[in-house]
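Before any comments, here is the structure.
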Protein chains: 2
Amino acid sequence: MLLRCCHSLTRLGRLNTQRHQVAPAVASCAVRLWSSSEGQRSYQRAHGPSWRHALAGLLAGTGAVLAYGLHHHKAEQADTIKVQTIEKTSALPVFTQEEVTSHRSLEDGVWVTYKGAVYDITDFVAMHPGGDKILLAAGGDLEPFWALYAVHNQEHVLEILSEYKVGVLSAEDLKKQQTVKSSDPYSSDPKRHPVLRINSQKPFNAEPPPELLTDSYITPSAIFFKRNHLPVPQVDPASYRLHVEGLPGGVLTLSLEELKTRFPKHTITATLQCAGNRRSEMNQVKQVKGLNWGIAAISNATWSGARLRDVLLAAGYGPDVAKWACHVQFEGLDKDVTGTTYGSSIPLNKAVNEEGDVLLAYEMNGEDLPADHGYPVRVVVPGTVGARNVKWLGKIIVSAEESNSHWQQNDYKGFSPGTDWDTVDFKSAPAIQELPIQSAITTPADGAVVNRSGEEVTVKGYAWSGGGREVVRVDVSLDGGKTWQVAQLRSSEKEQAPKPSPPPGRAWAWKLWELTAPLPAEAQELEIVCKAVDTSYNMQPDTVPPIWNLRGVLSNAWHRVKVKIREDESEG
Amino acid sequence: MLLRCCHSLTRLGRLNTQRHQVAPAVASCAVRLWSSSEGQRSYQRAHGPSWRHALAGLLAGTGAVLAYGLHHHKAEQADTIKVQTIEKTSALPVFTQEEVTSHRSLEDGVWVTYKGAVYDITDFVAMHPGGDKILLAAGGDLEPFWALYAVHNQEHVLEILSEYKVGVLSAEDLKKQQTVKSSDPYSSDPKRHPVLRINSQKPFNAEPPPELLTDSYITPSAIFFKRNHLPVPQVDPASYRLHVEGLPGGVLTLSLEELKTRFPKHTITATLQCAGNRRSEMNQVKQVKGLNWGIAAISNATWSGARLRDVLLAAGYGPDVAKWACHVQFEGLDKDVTGTTYGSSIPLNKAVNEEGDVLLAYEMNGEDLPADHGYPVRVVVPGTVGARNVKWLGKIIVSAEESNSHWQQNDYKGFSPGTDWDTVDFKSAPAIQELPIQSAITTPADGAVVNRSGEEVTVKGYAWSGGGREVVRVDVSLDGGKTWQVAQLRSSEKEQAPKPSPPPGRAWAWKLWELTAPLPAEAQELEIVCKAVDTSYNMQPDTVPPIWNLRGVLSNAWHRVKVKIREDESEG
């Protein structure tokens, strides 16, 4: 699909004059974003020893794919004009670094260099889904930025760039540039389990094979899905400090030891799910922008730590604060070269409610948090989308406002299937917090073959709902949804006794389910479908297209797999 | 559909010997239910002056319909035997009332009389969805029981009964029976607005016309949907007492005046919805058991009263209580002749949570509660199914257990589409509390005609979700769900300024929505569809059959109406 898009793109081309036909609304949006990031221009300053040479990139991991899609869309709009590609490989002017550097705003034009060529990407800025982030490369070289996100290292990204070429960098400046060696900011990332299916290496994003996922009720940490937005920071536990800000008592600073000893240790079992889990099914309808997750960007673990509520109370939270504060913001220690950290926020009432169970977790499955999961401290916001469960937690801010991070404001939101990149208004949708009811089939795999002689088929999977809403039923169909059977639910390991239901609204963990049913006599193929129901009797939607959205999040339609029945016995 | 069923039924018939083939599981269930209602045998005692002569019925309002359906199902099972109806109109034995009265248990047989005939309904008991309730008529006459539920007064109910005829009552006993005149327990029900569409007169169940429903953001009390399970009790406000039980401080008794003056008056705007709203759409798939509600068993009002939380605290609620209590039960003052009151319960945490907003309401839309809505006091449990919002509130009981009422235990629960009356286990499903995301189109009506010359079509409707989850988007399709547009949402009256969003988890009121879109050029007919999304990004399921359930509750698939486009202009 992607390749087909590439081919159609190469048949098109665009004159400079057409580049100025960017939709005004999008352009003004980019200007607004630009002005809000004025304070972040100091991107060439070093931020600590391990970052000294890393002019690291600033795009979200999916940036190039997003940009590519939007670019492609614009290119399609130009289709009627049928202009020919203009090759700009020779006879182009030579620019000095100083000239390039003078173009670092929409007003002055946005120029960048890449491998000795100079590009005027002014018109591309509005098409870049990260908006302001791309401007941080303005006037400089792209290479160190792209080093952070391997997803840029694809042919079609270079194709897009080539159209914006306006000249070449002077030989002298090119030589200078090449002496600034960029190191790999991901070089200190931890080793990962080889069984993981990798969706993105840098930043690391991977999921376990589905059939392993539901082998155990508690997912082993090594195969728990990984969703990093930036390189894994190396944090020294001795010098680690957590800062709690925004409360009347001033800033509360806690060492790891203080967090562990001053507050009661609380343990919960909670399932985390990426907003993009099952995105690949949306891609099958129409290409979306984001990592191509299968059905396993979800896992279940026990988490231990201090309750966020207890820490906020110790830091001065009280009824007076609730009169003006509405959100609790989190900042990670994972950051890009400008010092911009990963960030998000949750509603205040989730944070302070006795029944919210939000943890500042320092243990996962009974051990110190692994590096990939936020060592030494992460937030666990049970019932809430993974993106709010900030890892490598550095700062907590009680605020009247949501986090203004990219991931809170311009990502992780749901839109109508009719909304496209031309019409999307990120302010019009709420940040995803609680997730909707979800389930999927982990066994058998799509395309599997079952033998007629076995007489039965066993179907297994998981089911979970956000907001602490317990899964109360999973329906399974072998005939594409015409008839349904009720699966057996399980909320503990196979050998363990069933656990009692948690209190209402505090069912944070998934249920595994299983159904063994006779093979239908006539069928040669089964379309196995599952759908789950939670305590609020929320149901999954039947099909993907009506919930398709441009970011491919919230993919929770019925899950379907097809299996063939092999007639392995002579009949009669 | 119902008529067709009747016809097929009259072609069938059943020998006495076949009646004993009731599924053992169902029969044992009935035995269990019977033993649990042993303590309620005193049904012939009078319960106060207005009830003296009313040997009133005990079935849920839908009892006859349910019984009919189950009976029909059993009859279908006997289809292969093709037995002929045996007429039992003559040459039947004569029984005395004493003989009839001696058959009042499953062990001794269950006999009843009706208009001078004697019936052995032993085998029918297991098919009666009310289970134990029918046994309260055992050994006596059906007529006063049926007087309470006009739904029994239908031909097919008599057809069912006729098959169980075993004899006639002695002339002497019949004469005695006729001297006990049954009065109409509904004679003191209030007058209702003539615009209401009545689904059941006794008890009164009615909904407003859809196009009126969304005319106003606050539904006028007169057309607010009515859902009564029993006759409307006449309550004297001066002698009214509310009893709060189960707390360490003993019973707290409050007069209406005390309720109004001892506790702060709290006002919320909350939408109530019947679990059976839109049941008629499930009936179109396959007949379910229950009142045939359209799309307007939902309405929105302001409610004022004391917070339940405050009253519970005054009655001695504290952290120690939370260690053993899990539920708050409510008993209405509406009761049948045995003194069994309408009852239900909600989870304790909803009742005591500061953000639960559960009210003991004494005002609706700024005035005293109307008689049909619970005068003088009702519970308003915002975000929760109508059935838990107990009217004419008499008693509150803090308990470790759910209400053991019929309506909590054996009704108002959701099941898989594959579950039928033979396999249903009411204990396997949770009582409905929070309701799932819902929306419907109120204008245009299904089958309406729009003129091509108007060039546009305006679609209006409502959207609401349970659990305080705010509606964040409504998608509307004019082509059956292929393409979607986003509707405008409104959370106040038309002339009023928009209201700010409520705090997370406390959006108790619906949103009205509207979309005006150009008429598609080619279309001769539109299939208009709506679907809503709440803050947890729950979506409505696409179609009805996969959420069909035997009680026809939780009907929240996309709502669809078809309209024709009239070409009223010459073209060109």
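The values are calculated or read from the model by the stated rules, or taken from the named source; none is laboratory data. Model, not experiment: these values are computed from the prediction. No Cβ is skipped: glycine too gets one built from the backbone with ideal geometry, and neighbour counts run over all protein chains shown. The accessibility values were calculated without ligands, DNA or RNA, using every heavy atom of the protein model including side chains. Shrake-Rupley method; radii C 1.70, N 1.55, O 1.52, S 1.80 Å.
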Report summary line: The answer for the per residue Cα convex hull volume of segment A:180-337, in Å³, is 189
Report task. Could you tell me what percent of the accessible area of segment A:425-499 is made up of carbon and sulfur, with a 1.4 Å probe and every protein chain present? Result -> 48
Report summary line: For segment A:199-292, the Cα gyration tensor yields equivalent-ellipsoid semi-axes (√(5λ), largest first, whole Å) of 34, 19, 14
Report task. Just grab the label-to-label distance for B:S187 and B:L212, each label 7 Å out from Cα along the Cβ direction, in nm (one decimal). Result -> 2.9
Requested in this report: Note the distances from A:T101 to each other copy's matching label point, with points 7 Å along the Cα-to-beta-carbon direction, in nm, sorted shortest first.
Outcome: 10.9
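Compute the Rg/Rh shape ratio of segment A:231-272: radius of gyration over Kirkwood radius, all on alpha-carbon atoms.
Numbers: Rg = 13.3 Å, Rh = 12.7 Å.
The Rg/Rh ratio comes out at 1.05.
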Query raised in the report: Taking 0.36 nm per intervening residue step and subtracting the Cα-Cα distance, what contour gain separates A:T458 from A:L313 on full extension?
Result: 47.3 nm
Query - Sites matching trypsin sites (Lys or Arg not before Pro) across segment A:362-451 that sit in DSSP coil, with at most 12 neighbouring C-beta atoms within 10 Å - result: none
Query raised in the report: Dimensions of segment B:301-396 along principal axes (Cα, Å, largest first)?
Result: 37, 35, 24
Report task. Would you work out what percent of the accessible area of segment A:149-222, with all protein chains in place, is carbon or sulfur (probe 1.4 Å)? Result -> 55
Query raised in the report: For segment B:439-525, with only Lys/Arg (+1) and Asp/Glu (-1) charged at the beta-carbon, what is the dipole magnitude about the Cα centre, in debye rounded to 20?
Result: 500
Query - Inter-part distance where segment A:157-178 and segment A:197-241 are each reduced to a Cα centre, Å - result: 36
Query raised in the report: Where in segment A:520-551 does the label zone of A:T483 land, with the point 7 angstrom along Cα→C-beta and an amide N cut-off under 16 Å?
Result: A:520-529
**Report entry** Distance histogram in 5 Å bins (all Cα pairs of segment B:169-211, percent per bin)
**Finding:** 5, 16, 18, 12, 10, 9, 10, 9, 6, 3, 1, 0
Query - B versus A: buried accessible surface, summed, Å² (probe 1.4 Å, to nearest 100) - result: 3000
Query raised in the report: Can you list the residues of segment B:383-414 whose accessible area drops by at least 20 Å² going from the chain on its own to the full set of protein chains, with a 1.4 Å probe?
Result: B:G414
Requested in this report: Between the label point of B:P500 and that of the same position in each other copy, find the distances and list them shortest first in nm, with every label point placed 7 Å from Cα along the Cα-to-C-beta direction.
Outcome: 4.1
Report summary line: The answer for GluC sites (Glu not before Pro) in segment B:308-356 that fall in a DSSP coil and have at most 15 neighbouring Cβ atoms within 10 Å is B:E354, B:E355
**Report entry** Exercise: per-residue mean of other protein chain Cβ atoms within 10 Å, B:540-552
**Finding:** 4
Query raised in the report: Counting alpha carbon pairs within less than 8 Å and at least 6 residues apart, what relative contact order, in whole percent, applies to segment B:300-374?
Result: 45
Report task. Send over the Kirkwood Rh of segment B:360-406, from the inverse of the averaged 1/r over different Cα pairs, rounded to one decimal Å. Result -> 11.6
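Give, rounded to the nearest 20 debye, the magnitude of the charge dipole that segment B:353-453 has about its Cα centre when Lys and Arg contribute +1 at Cβ and Asp and Glu contribute -1 at Cβ. Write out the running numbers ahead of the final one.
Working: 7 positive and 15 negative charges, 40 e Å.
In total the dipole reaches around 200 debye.
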Query raised in the report: What whole number of Å gives the distance from the Cα centroid of segment B:401-424 to the Cα centroid of segment A:298-359?
Result: 40
Report summary line: Cα pairs beyond 18 Å in segment A:430-504, in percent, come to 55
Report summary line: Mean accessible area per residue over segment B:270-402 (1.4 angstrom probe, all protein chains present, square angstrom) is 26
Query - Calculated over segment B:252-357: convex hull of Cα atoms, volume per residue (Å³) - result: 168
Report summary line: The answer for the per residue Cα convex hull volume of segment A:456-554, in Å³, is 124
Query - At 7 Å out from Cα toward Cβ: B:A517 inter-copy label distances (nm, ascending) - result: 3.4
